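Shown next, in structure tokens, is the structure this report addresses.
The values are calculated or read from the model by the stated rules, or taken from the named source; none is laboratory data. None of the values given here were measured: they were computed from a predicted structure. Because the Cβ atoms are built from the backbone with ideal geometry, glycine has one as well, and the counts that use them run over all protein chains shown.
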Amino acid sequence: MKTGNVFFISLIVGAMWAGIYIMVLSVLAMLVSGETIVPDAGNAMIAGLAGAGCYILTPLARREELWIPVSAAVALGVYWLLYNLSEGATPSSTLVLSWIAVFVMSAVSWHLCFRDMSSQSQGRYQIEVILIRVFKGLGFVFFSIVVALPFYVMLMTSLKIQQSLLANPLDLSIDITAEPKKLFRSYIELFTDYRFGLFLLNSAVVSVATVVITLLFSIPGAYAVSRLKFPGQAVLSRSILLIYMVPAIVLVIPLYAVFSQLGLRNTLIGLIVVYPATTIPVAVYMLQGYFRGLPYELEEAGLMDGLSRLGVIIKITLPLSLPAIASVSLYIFMIAWNEFLFAFMFLDSPDIFTLSRGVQSLNSSEIPRQHLMAGAVIATLPVLILFLWFERFLVAGLTAGSVKG
């Protein structure tokens, strides 16, 4: 296969990243300011081409020094010249800051794509490495926008006042100079007028109880399936997740009838009974893979030292399985915290609404739209904070559990 020239590829990639970033930041600036901004993608791509060319021509020995800001400065200088030639006007400080942000981000992207590549011709492998890095970067940018944009719209809408939403629903700018009491009016009213604090407490009780009950059953169950020998072990191990083949909507009607007769409908106890029944199978499935990856010799040594099987689990297996248990706990908590179908069908009294049920009750023509968005933000933040806090446990647990299973 013919060799390709990294220099020409870098020019194309440099122009591409500069064009993407100026489009993204222009849309972001429009959302923040409420003004119509036409992105100057053509000049930005020419400037990106120049900056990337400067970076790729830098010798590899000096690549780790100041060549990210240097190439960004070159691109900024080219763009400034092109802007003055085309517009003939002095740009505002906000516009200059946005240009700097565009080309700094572009320079970082060039560095990540070409940090160990020279400007000389390269073989097929090097070209494929560059393409993989470019597509990974594009995927990261795309999914970051997909995740962040809805949350931004939700957050900005919750901070608006009713008059602003009626005047221009697409204006997502915010007056940061407003008084905090006025700016966070929707959140204050949720807790004072709509008892959102009670909804948070109910959701926390149900979610924590679900995690505790699920772990109490799933840890010994997963250990038995992965370590003990008994008839039907292989069949049980493979059929644990069969419960997920039955949609929840099929189960909710018979459960509604049974719980009504038992007096468990319209109670938090009913949810605490239902939720573990849906989370225990997936918890057992996740934990059994992790338990199988633990060295069995450690447990044999504990048994030889006089520990019972329960003592081996408590003193040896569980301490080694903390990453998996933490990841499973977080996953179960997220399921219980966000569950809506059973909460919607079983709960009628506002005094025992969970958070998802409480947010749904705000979806009314009598309640301002910003209150619904504020409720959605409140429902999202606890799980987001917990996920970010326990991310390292989640990754370690899921990865280790996938080695054997």
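Quick check on residue 192: is it assigned by TED's automatic domain parsing to the domain that holds residue 368, of a type outside the set (A, V, I, L, M) and within 30 Å of residue 320 (Cβ to Cβ)?
Judged against the criteria, residue 192 is not a match.
From 173, 109, grab the single residue that is under 25 Å from residue 40 (Cβ atoms) and outside the structural domain of residue 29 (by TED's automatic domain parsing).
173
Among the numbered criteria (1) part of a loop (DSSP other than H, G, I, E, B); (2) assigned by TED's automatic domain parsing to the domain that holds residue 369, which single criterion is violated by residue 200?
If we test residue 200 against (1) part of a loop (DSSP other than H, G, I, E, B); (2) assigned by TED's automatic domain parsing to the domain that holds residue 369, just (1) comes out false.
So is residue 268 farther than 23 Å from residue 354 by Cα and either touching a residue at least 12 places away in the same chain (Cβ under 8 Å) or loosely packed, with under 12 Cβ neighbours inside 10 Å (or both) or not?
It is false that residue 268 is farther than 23 Å from residue 354 by Cα and either touching a residue at least 12 places away in the same chain (Cβ under 8 Å) or loosely packed, with under 12 Cβ neighbours inside 10 Å (or both).
Of the residues that make up the range 271-284, is at least one hydrophobic (A, V, I, L, M, F, W, C) and over 35 Å from the mean Cα position of the chain (by Cα)?
no
Checking the structure you have, find out if any residue of the range 119-138 is modelled with pLDDT of 90 or more, surrounded by 18 or more Cβ atoms within 10 Å (Cβ to Cβ), assigned to a helix (DSSP H, G or I) and not β-branched (Val, Ile, Thr).
yes
Rundown of residues vs (1) under 20 Å from residue 338 (Cα atoms); (2) in contact with a Phe, Trp or Tyr (Cβ under 8 Å, 6 or more places away or on another chain), yes/no style:
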{"position": "154", "(1), (2)": "yes, no"}
{"position": "163", "(1), (2)": "no, no"}
{"position": "185", "(1), (2)": "no, no"}
{"position": "195", "(1), (2)": "yes, no"}
{"position": "202", "(1), (2)": "yes, yes"}
{"position": "215", "(1), (2)": "yes, no"}
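Residue by residue through the range 208-239, note down the ones that are at pLDDT below 75, in a helix (DSSP H, G or I), surrounded by 10 or more Cβ atoms within 10 Å (Cβ to Cβ) and of a type outside the set (D, E, K, R).
Residues satisfying the conditions are 233, 236, 237.
Take the residues in the range 307-325 that are more than 36 Å from the chain's Cα centre (by Cα) and not hydroxyl-bearing (Ser, Thr, Tyr), then tell me which one is farthest from residue 286 (Cα to Cα).
The extreme case among them is 307.
Name the one entry in 81, 112, 131 that is under 24 Å from residue 8 (Cβ atoms), of a type outside the set (Lys, Arg) and in contact with a Lys or Arg (Cβ under 9 Å, 6 or more places away or on another chain).
From the options 81, 112, 131, the qualifying one is 112.
Kindly indicate which of 21, 55, 79 is within 30 Å of residue 157 (Cα to Cα), assigned to a helix (DSSP H, G or I) and at pLDDT 80 or above.
When all the criteria are applied, what remains is 21.
When the residues of the range 351-388 are narrowed to those that are of a type outside the set (S, T, N, Q) and not in a helix (DSSP H, G or I), which ends up surrounded by the most Cβ atoms within 10 Å (Cβ to Cβ)?
353
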